[in-house]
Every structure is written in structure tokens, then in C-alpha cells.
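Notes follow the structure.
Laboratory data are not the source of any read-out in this text; all were calculated from the coordinates shown. Keep in mind that this is a model prediction, so the values were computed, not measured. Positions of Cβ are generated from backbone atoms using ideal geometry, with glycine treated the same way; all protein chains shown enter the neighbour counts.
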Amino acid sequence: MTFESKYTGTVRKGDLIAIGYDNYMLLGIYVGRGKTGTIQYYSLYALSVFYKENRHLHNYSRSYVNAPHVSRVVKVNVNDLNDETLEQYNEAMIYLEQQKFKIER
């Protein structure tokens with residue numbers, strides 16, 4: 001279930017990650033690896049919206065990185081987030097806890 005990032009080391013289920021896409025990055029919560037080696041994650045923004053709308057989390061809510069590369073996904077230190085993103089992160093983690101999402105430590 002873990003992923004080895006070139007820059008930040010071991011990424012575990014429940015870690016906040018940044019994923020590089022073309023010329024931008026997005027934040028998500030790492031879920032695990034797929035059968036074909038994909039990186040699976042929940043978008044931080046989507047989890048925040050689900051939390052506010054009291055929606056149920058489904059497997060189809062997951063996003064995928066089809067061609068994961070050790071330098072494309074990095075673990076993010078929560079202490080480095082700005083106030084708005086930290087609020088999204090906190091809402092996402094409360095939501096995941098409500099949904100019985102198991103976090104590895």
C-alpha cells in the first residue's frame with residue numbers, strides 16, 4: 001500500500017500528497033496502489049465538498065495517476081499549508097474519519 005517518493009520517502013495511506021500534472025500540482029489524500037500500479041488518491045478539494053454537503057464516499061470518488069513516477073508524487077507536510085488549504089485538509093480528515101477510512105501510521 002505504500003509508495004516510495006524520490007524526494008519525500010515513504011508515502012502511506014492517509015498521507016497528504018501533491019501530484020504533478022503537466023504544469024500544475026494538486027493535493028490529495030493517498031489511498032493506495034491499484035492492481036496495475038496506479039496511484040490512487042482522493043482530491044483534497046472534493047473531500048472538503050463532500051464533508052460540507054454530507055455526501056457519502058464511494059470508490060468512484062477516487063482519482064488515479066495512471067503513470068506514477070517516483071518524482072511525480074510527494075508527501076506534503078501539513079504544517080506548510082496556508083490557512084485556506086489547512087481548513088480544507090482538516091475538513092477532509094474529519095470526513096474520512098466519519099467514513100471509517102483507515103489511516104496507516
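Take every Cα pair under 8 Å whose residues are at least 6 apart in sequence, average their separation, divide by the length of the chain, and the relative contact order is 32 percent. Projected label points at Glu53 and Asn23, each 7 Å from Cα along the beta carbon direction, are separated by 3.0 nanometres. If a/c stays under 1.5 just call it rounded; otherwise compare a/b with b/c (prolate if a/b is bigger, oblate if not). Do that for the stretch 56-105, with a ≥ b ≥ c from the square roots of the Cα gyration tensor eigenvalues. Cα axes put the stretch 56-105 in the oblate bin. For the stretch 1-83, the alpha carbon positions stretch 36, 33, 24 Å along the principal axes, listed from largest to smallest.
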